[in-house]
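J.: Dropping the structure in here first, questions after.
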Amino acid sequence: MLSFGRARTQPRAVRPTTMGGIDFVDPKRKGNFVGKLFLAGSLIALCILTIKQSPHFNSASRFALREPGVTHVLVTGGAGYIGSHATLRLLRENYRVTIVDNLSRGNLGAVRVLQDLFPEPGRLQFIYADLGDAKSVNKIFSENKFDAVMHFAAVAYVGESTMDPLKYYHNITSNTLLVLESMAKHDVKTLIYSSTCATYGEPTKMPITEETTQVPINPYGKAKKMAEDIILDFSKTSEMAVMILRYFNVIGSDPEGRLGEAPRPELREQGRISGACFDAARGIIPGLKVRGTDYKTADGTCVRDYIDVTDLVDAHVKALQKAQPGKVGIYNVGTGKGSSVKEFVAACKKATGVDIKVDFLPRRPGDYAEVYSDPTKIKHELNWTAKHIDLKESLSIAWRWQKSHRDGYGIPNVIFGII
């Protein structure tokens, strides 16, 4: 990924230049043949040194091979909030992991944390790429031997999807198609697809089961359902093992404080309510905006099923372990319990110890009144049950990370000058 500048077409004044602590004279100077050789040798040596210092220099070939007893998982969106937590769990379980992320929503700092925790050759590699680029996606699959894909990469804000729907159909639906095509082409056998309860829309009956009719009411949910439909249609003529996990509102962070949620500042307005609560508690924003108080719920605010990210990741790993060739599993991942926004805010105030100012505003387009899951199927078939069901406890853990990471991960998303 080295970037070389375009050669100058106009002459320039001869002046000393410093490279790697070595001074040399412009090689264009007449008669400086020895200088040219020295420069060439210096550049070659510098390139070799740079490559050898890369943590993947000696381990890149391992990612290109299938090894007995080693499961290599591609985690798309692995630099993001949920994807990074999933990657951490996979690495702890001795999986080999490749992260692909364009860093539009993810954090390079999360990748750095993971690399520091698991520096051993052949454990983790990071590829900066956009899944909307068909050539890049095919190249990634052709140069690596994946056994499975956990597909998290997606824009995921309901409000934003109503304002920029085409972005969501491209990023979610089209990109998933490209990933699936490359999986089929390169014989990758297992797909764990990260879906959402937004595909159900606003059912008339609670709780939501996997048989509940999917009638999404916003572009985010519609784009996810389209991606699901593509996967399901393909599965009818394929021996690929497919697991689709429809999960609910994610909160919390790594209990050991290594990872957390750090959205870009410009996305805070569209982000999760937990992030907004923390921003208000830290004084980054003047208060919390609660949108909608006239829903047909007990206190007039939306009711949601809040799932801790640790439990969510556990469901993904269990799905990976239980996936079977030619079979499709579809599961709701939730606690089975709904909490209102007002109840959530009360828990956040207790977790942070801050009396957060709350402004009540009109409804946000695309929202629905009440959504919570029936997790019976995933309990029976995957032996999974949510364990972290206390809102205050999950928020307290996340709050500790927020307080100790006031600037997020503290590393800008810059790779060779690309943001």
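J.: Any idea which of Tyr220, Pro255, Ile284 is furthest toward the positive side of the dipole for the range 219-322, if Lys and Arg beta-carbons carry +1 and Asp and Glu beta-carbons -1?
T.: The one lying farthest along the dipole's positive direction is Tyr220.
J.: Starting from 0.36 nm per residue, how many nanometres of slack lie between Ser404 and Lys205 once their C-alpha separation is accounted for?
T.: 67.5 nm
J.: To continue, here is another question. Could you tell me which residue out of Asn94, Ser396, Phe118 lies farthest along the dipole of the range 65-404 toward its positive end? Charges go on the beta carbon: Lys and Arg +1, Asp and Glu -1, centred on the Cα centre.
T.: Highest projection toward the positive end goes to Ser396.
J.: Arranged by the count of other C-beta atoms within 10 angstrom, fewest first, what order do Phe118, Phe63 take?
T.: Arranged by neighbour count, lowest to highest, Phe118, Phe63 become Phe118, Phe63.
J.: By the scheme Lys and Arg +1, Asp and Glu -1, what is the net charge of all other residues having a beta-carbon under 9 Å from that of Ile217?
T.: That sum, taken over residues with Cβ under 9 Å, equals -1.
J.: How far is it, in nm, from the label point at His170 to the one at Glu256 when both lie 7 Å from their Cα along the line to the Cβ?
T.: If labels sit at His170 and Glu256, their model points lie 4.0 nm apart.
J.: Just to verify a number: FRET efficiency for Glu393 and Met163, C-beta to C-beta distance, R0 = 25 Å, to 0.05?
T.: 0.15
J.: Same structure, new question: Simple spin-label model, 7 Å along Cα-to-Cβ: His186 to Glu381 in nm?
T.: About 2.8 nm, to one decimal.
J.: A further question follows. Within 10 Å of each residue's Cβ, count the other Cβ atoms and sort Leu395, Leu177 from fewest upward.
T.: Arranged by neighbour count, lowest to highest, Leu395, Leu177 become Leu177, Leu395.
J.: Turning to a different aspect of this structure: Taking the Cα centroid of the range 294-346 and of the range 70-139, what is the distance between the two, rounded to the nearest whole Å?
T.: Centre-to-centre (Cα) distance: 24 Å.
J.: Provide His72, His316 in ascending order of the number of other Cβ atoms located within 10 Å of each residue's Cβ, fewest first.
T.: Result, fewest neighbours first: His72, His316.
J.: Follow-up question, since we're still on this one. Lys139: which lysines have alpha carbons under 30 Å from its alpha carbon, excluding same-chain residues fewer than 8 sequence positions away?
T.: Cross-link targets: Lys52, Lys167, Lys185, Lys189, Lys222, Lys224, Lys225, Lys236, Lys318, Lys322, Lys327.
J.: Next question, about the same structure. Run the numbers for Arg92 and Gln321: contour at 0.36 nm per residue of separation, minus the present Cα-Cα distance, in nm.
T.: Here the segment from Arg92 to Gln321 would lengthen by 81.0 nm.
J.: Next question. Quick query: amide H of Ile330 versus all other amide H atoms, modeled in the peptide plane; which residues come in under 5 Å with a sequence gap of 5 or more or a different chain?
T.: Those lying under 5 Å, H to H, from Ile330 are Ile244.
No lab work stands behind these numbers, since they all come straight from the coordinates. Computed from a predicted structure; not experimentally measured. We place every Cβ from the backbone using ideal geometry, glycine too, and count neighbours over all the protein chains shown.
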